[in-house]
Amino acid sequence: MGIIDGTVQDRLDSLDKLGRIIWPEKEGGVPRFKRYLQEMPGLAIQSIVTDIPPLSAKSAERLGYPTQKPEALLERIINASSNEGVVVLDPFCGCGTAISVAQKLNRRWIGIDITHLAIGLIKKRLTDAFGDSVRNTYEVIGEPADLSGAQDLATNDPYQFQWWTLGLAGARPTEQKKGADRGIDGRLYFHDEARGGKTKQIIFSVKAGHVQSAYVRDLRGTIDREDAQIGILISMEAPTKPMLKEAAEAGFYKPPGLQDKYPRIQILTIEDLLAGKQVAHPRLLDATFKKAPKSRPAAEKKLPLPFETSEETSGDPEEPF
């Protein structure tokens, strides 16, 4: 028996007819078997992702949260590990990337975070991405729902109470160390000029205890010092008549070129905010938080894996013998 018997010869002849043998151009060369990448097993998916870049400073997704991940990365993870309708749990949800992607991919979800600052950011992100109607699809457990709950939070954790309160008003906490706020607990930024113009600000002071007229005077002085347009005093208690009088004497802020005017000092109670009352200010453009982009349907075409090739480079051979 020779080295090549009849069975092997038949297989070689069949492969040759399919164009799967590369014959040498020079005499003495060795024939080679033609292979295509899509027929080979390739590499197992690695735990290090190299084809999805991190968020850049100018990315439309970036919301200013230090550990924020790209939505494309979470799409890959959620698609690979779950089906529509199942529950996705993120126990440290931060700015809510996993939550937002789970919502887009028709998953149920549970997000957990210990700060009301993060919860407020996630609520805004979902609204920006999916519209106001998304608020009816989830429930927030653990944040105050009434005055009694707000009082409990203020007693147990004053700073969490402050962050929760500012979230209700759409403001951002000051980026300073605790105890060094110089009378400013939060800020809200806006633009009220159609073309250009500088960013303007509203400053917030949150009071959980007994209130007095001195707080209004202090806020008025802080407005002048910070060159702010409006000041908001948020209190647990209802304001006294002297406080309302002091606030009225501060006058109004009038946006340039508009007939509208807004009280320079406004006093809101926790009950006001829970009832849906908001700060009165120009709303041409709210620049307090970066707005999350509108959600788009997940792409039907999957992202290429590192070892995959296109048809242009791999060809489209017939089935091998």
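The values are calculated or read from the model by the stated rules, or taken from the named source; none is laboratory data. Remember, predicted model here, so these are calculated numbers, not experimental data. Virtual Cβ from ideal backbone geometry, glycine too; neighbours counted across all protein chains shown.
When the stretch 31-73 is limited to residues that are more than 16 Å from GLY96 (Cβ to Cβ), of a type in the set (Lys, Arg) and surrounded by 10 or more Cβ atoms within 10 Å (Cβ to Cβ), the one that is farthest from the chain's Cα centre (by Cα) turns out to be ARG32. Of the residues making up the stretch 255-270, those that are closer than 19 Å to VAL216 by Cα and touching a Lys or Arg at 6+ places or on another chain (Cβ under 9 Å) number 5. Out of curiosity, is ILE110 in a loop (DSSP other than H, G, I, E, B), over 15 Å from the mean Cα position of the chain (by Cα) and either under 19 Å from GLN160 (Cα atoms) or touching a residue at least 12 places away in the same chain (Cβ under 8 Å) (or both)? No, not satisfied. Total residues in the stretch 95-138 satisfying the condition of being within 17 Å of ILE78 (Cβ to Cβ) and touching a Phe, Trp or Tyr at 6+ places or on another chain (Cβ under 6 Å): the figure is 3.
Of all residues in the stretch 235-255, exactly one satisfies the criterion of being of a type in the set (S, T, N, Q) and over 15 Å from GLN266 (Cβ atoms), namely THR240. Inspection of the stretch 52-63 identifies no residue that is in a loop (DSSP other than H, G, I, E, B), touching a Phe, Trp or Tyr at 6+ places or on another chain (Cβ under 7 Å) and of a type outside the set (A, V, I, L, M). Each residue in the stretch 114-136 was checked for being without any contact (Cβ under 8 Å) to a residue 12 or more places away in the chain and either within 18 Å of THR165 (Cα to Cα) or polar (S, T, N, Q) (or both), and 4 pass.
Kindly evaluate LEU89 against the criterion of being in a helix (DSSP H, G or I) and in contact (Cβ under 8 Å) with a residue 12 or more places away in the chain. Here the answer is no, as LEU89 does not meet what is asked. Every listed requirement among (1) within 29 Å of ASP272 (Cα to Cα); (2) within 11 Å of the chain's Cα centre (by Cα); (3) assigned to a helix (DSSP H, G or I) is met by ALA98 save one, (1).
This table checks each residue for (1) polar (S, T, N, Q); (2) in a helix (DSSP H, G or I); (3) at pLDDT 95 or above; (4) surrounded by 14 or more Cβ atoms within 10 Å (Cβ to Cβ).
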site: GLN162; (1), (2), (3), (4): yes, yes, no, yes
site: ALA180; (1), (2), (3), (4): no, no, no, no
site: LYS198; (1), (2), (3), (4): no, no, no, no
site: PHE204; (1), (2), (3), (4): no, no, yes, yes
site: HIS210; (1), (2), (3), (4): no, no, no, no
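Do the conditions hold for GLU246, that is, is it at pLDDT 70 or above, touching a Ser or Thr at 6+ places or on another chain (Cβ under 7 Å), surrounded by 13 or more Cβ atoms within 10 Å (Cβ to Cβ) and not in a loop (DSSP other than H, G, I, E, B)? In short, yes.
Residues in the stretch 254-265 that are of a type outside the set (A, V, I, L, M), buried (at least 19 other Cβ atoms within 10 Å of the Cβ) and at pLDDT 95 or above: ARG264 only.
Within the stretch 18-30, how many residues turn out to be within 57 Å of the chain's Cα centre (by Cα) and loosely packed, with under 12 Cβ neighbours inside 10 Å? Matching residues across the stretch 18-30 total 1. If you filter the stretch 30-81 down to residues that are of a type in the set (S, T, N, Q) and in contact (Cβ under 8 Å) with a residue 60 or more places away in the chain, you find that the one that is nearest to PHE92 (Cα to Cα) is ASN79. From the list GLY28, GLY64, pick out the single residue that is within 30 Å of ALA150 (Cα to Cα) and of a type outside the set (Val, Ile, Thr). After applying the criteria, what remains is GLY64.
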